[in-house]
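S.K.: Submitted below is the structure of interest, expressed as structure tokens.
Read-outs: derived from the displayed coordinates by stated rules, not from any lab. What you are looking at is a predicted structure, and each value in this text was computed from that prediction instead of being measured. Don't worry about glycine lacking a Cβ; one is built from the backbone with ideal geometry, like all the others, and counts go over all protein chains shown.
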Amino acid sequence: MKVRILRQNSPEDQPHWETFDYNGPEDASVAAVLDYINYNDDIETDEGKKTSRIIWDCSCLQGICGACAIVINGRPALACETFIRDLKEDVLVLRPLRKFPVIRDLMVDRSSIQENLKKSGMFIGEYSGSDEREHDHQYSVSKCLKCGLCLEVCPNYINGKTFFGAAFANDCYVVASRNSAKSDEIRKTYAEHFGSGCSKSLSCMDVCPMKIQTIASIAKMNRMKSRNRKSE
Ligand code: SF4
Ligand code: FES
């Protein structure tokens with residue numbers, strides 16, 4: 001199998017494509033394909049040109065850290081959870097996520113996701129208890145990996161400077177539903193950095209590896225707003 005990879009030596013460099021031959025097991029994950037190509041110190045392209053090892057991010061290799069999020073044959077996905085036997089195409093094409101600055105090759109800097117949460121005060125602080133009926137969704141949302149796959153496909157997310165995207169919206173719901181004292185403040189920041197920019201394409205839900213129902217978080221945030229209006 002041919003493996004085409006969009007490479008970039010440093011954040012300032014121009015990206016370029018390199019193609020490799022993969023002759024390993026057919027049931028490998030994309031992460032295993034990258035490991036296979038990187039096996040030797042000096043690796044070669046399919047034309048025999050010596051090149052450096054491919055840089056990519058990973059930690060758990062079991063779909064729980066989110067580090068290996070890349071674009072695989074045009075679809076954003078986790079490299080450790082995507083298997084080449086399931087691909088429709090004969091060629092494997094890998095590129096880094098486009099909404100974050102590239103550090104090198106397939107590795108990007110996703111720190112803006114955490115920074116936006118930090119600067120919006122997105123931590124529970126004092127737990128005020130919550131309606132038992134919320135627990136299932138709170139648990140499901142808390143599985144968010146902050147992988148950034150949802151931001152790759154979001155038509156409204158550009159670079160995280162004003163619109164913060166689905167991962168942020170889900171965290172808003174968790175904090176607002178668990179700390180009633182912070183609820184007003186969170187609804188305000190939610191409106192500013194998510195509510196006013198989301199066009200409800202919901203493409204985020206198509207690619208989320210944890211199957212998080214962001215639409216439910218949106219509905220619950222809206223419900224909190226109307227509940228608070230009634231009590232005013
Ligand atoms: S909402 Fe899903 S796709 Fe988005 S960061 Fe969280 S786990 Fe990743
Ligand atoms: S390496 Fe952790 S999710 Fe893939």
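S.K.: Among the lysines, which fall within straight-line cross-link reach of LYS143, defined as a Cα-Cα distance under 26 Å, with same-chain neighbours fewer than 8 residues apart omitted?
M.R.: In chain and number order, the partners are LYS99, LYS118, LYS119, LYS161, LYS182, LYS188, LYS200, LYS211, LYS220, LYS225.
S.K.: With an 8 Å Cα cut-off and a minimum separation of 6 or more residues, compute the relative contact order for the chain in percent.
M.R.: Once normalised by length, the contact order is 17 percent.
S.K.: I've got another one for you. Amide H of LEU97 versus every other amide H placed in the peptide plane: which residues, excluding those fewer than 5 positions away on the same chain, fall under 5 Å?
M.R.: VAL71
S.K.: Sorted from fewest to most neighbouring beta carbons within 10 Å, what does the list ILE84, ILE158 look like?
M.R.: In order of increasing Cβ crowding within 10 Å: ILE158, ILE84.
S.K.: At most 10 other Cβ atoms within 10 Å and a DSSP loop assignment: could you name the trypsin sites (Lys or Arg not before Pro) in segment 1-61 that fit?
M.R.: Sites meeting the loop and neighbour criteria: LYS49.
S.K.: Assign one of three labels to segment 1-116, namely rounded, prolate or oblate, based on the Cα gyration tensor with a ≥ b ≥ c the square roots of its eigenvalues; rounded applies when a/c is under 1.5, prolate when it is not and a/b is larger than b/c, and oblate otherwise.
M.R.: Oblate, because a/c is 1.5 or more while a/b does not exceed b/c.
S.K.: Could you go through segment 15-27 in sequence order and give the Karplus-derived ³J(HN,Hα) for each residue, using 6.51 cos²θ - 1.76 cosθ + 1.60 with θ = phi - 60°, rounded to whole Hz, and x for Gly and Pro?
M.R.: With the stated coefficients, segment 15-27 comes to x, 8, 8, 10, 10, 10, 9, 10, 10, x, x, 7, 9 Hz.
S.K.: Scan segment 6-53 for GluC sites (Glu not before Pro) in coil per DSSP, keeping those whose Cβ has at most 10 other Cβ atoms within 10 Å, and list them by number.
M.R.: Hits after loop and neighbour filter: GLU12, GLU26, GLU47.
S.K.: Determine ³J(HN,Hα), in whole Hz, for all residues of segment 211-219 in sequence, where each value follows from phi through the Karplus function 6.51 cos²θ - 1.76 cosθ + 1.60 and θ = phi - 60°; x replaces Gly and Pro.
M.R.: My calculation for segment 211-219 gives 6, 6, 8, 4, 4, 5, 5, 4, 4 Hz in order.
S.K.: Can you give me the orientation-averaged projected area of the convex hull built on the Cα atoms of the chain, in nm²?
M.R.: Value for the chain: 14.0 nm².
S.K.: Something else about it: Which loop trypsin sites (Lys or Arg not before Pro) in segment 115-211, with loop taken from DSSP, have no more than 12 other Cβ atoms within 10 angstrom of their Cβ?
M.R.: Qualifying residues, ordered by number: LYS161, LYS200, LYS211.
S.K.: While we're looking at this one, here's another question. Could you compute the longest span of the chain free of chymotrypsin sites (Phe, Trp or Tyr not before Pro) located in DSSP loops and having at most 12 other Cβ atoms within 10 Å, not counting the site residues?
M.R.: Within the chain, the longest run free of exposed chymotrypsin sites (Phe, Trp or Tyr not before Pro) spans 128-232.
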